[in-house]
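The values are calculated or read from the model by the stated rules, or taken from the named source; none is laboratory data. Small disclaimer: the values here were computed from a predicted structure and weren't measured. Cβ: placed from backbone, ideal geometry, glycine included. Neighbour counts: every protein chain shown. Protein only, heavy atoms only, side chains kept; ligands, DNA and RNA dropped before computing areas. Shrake-Rupley method; radii C 1.70, N 1.55, O 1.52, S 1.80 Å.
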Amino acid sequence: MRQVPDSSGLLAALLSAVPVTVVETRVDPPDAVLFPEEAAVVANSVAKRRDEFTTVRHCARTALAGIGVPPAPILPGQRGAPRWPDGVVGSMTHCAGYRAAVVARAAEVASLGIDAEPAEPLRDPDVLKLVADESERAALKALGAAHPDTPWDRLLFSAKESVYKTWFPLTGRWLGFEEARVELVSDGTFTARLLVEGPVVEGVELKVFSGQWAVRDGIAATAIVLPFTTGPSAPAGPSGR
């Protein structure tokens, strides 16, 4: 990982072994500003939305500077996914008290996805029924019995968000929660088995994404990175949900 500027952050620690640049923050810096085109997107939004939109783009531009990419607007594209500069893949996330962006050169990474959530159980039990199938809910129950202090349902939700953010740039298609089955492991890893036709990377159809998760200081985060092994074979595109 290319570290910018603090390797002690939650996602920076998770992604230390892959060729990405991570910038994350717990505050909204007063010097964070938007390009006029970006400001227009949130001109009618509430202050909370403007703050998180601004700060996460500040993180993204700092990360882009770390790989030599000059500042540019990062506007929402198809389905709200951020449109990254040419030659870049990336993902952004924000929740209460946390914002982060991860970027990489498209020559090194096929796609990536990150998500951060409050480290607390889902407030609405109906959300879990929407997100998880019967087998996933059974696995969460077993994990909860063994490790009751971990918000497993929230981590599952976060992991599926990271799956989608990784999937979309490779396919340009929607992926429903029910179209990927996630298995969380207590060692800080997870796998997502795609239940639909997978994207083709380097001539191989991907049926499984592998990711990592962590819970620290009130934040639950998940991340997936798909580095190339021989060279890029799929176009880079927007990453987000």
Of all residues in the stretch 142-180 being touching a residue at least 40 places away in the same chain (Cβ under 8 Å) and farther than 17 Å from residue 224 by Cα, the one that is farthest from the chain's Cα centre (by Cα): 146
Criterion violated by residue 186 - all others in (1) at pLDDT below 95; (2) farther than 23 Å from residue 104 by Cα; (3) not basic (Lys, Arg) satisfied: (1)
Subset of the stretch 146-160 [open to solvent by less than 20 Å² (accessible area, probe 1.4 Å) and part of a helix (DSSP H, G or I)]: 152, 155, 156, 158, 159, 160
Subset of the stretch 198-209 (residues that are exposed (fewer than 12 other Cβ atoms within 10 Å of the Cβ) and at negative phi): 204, 205
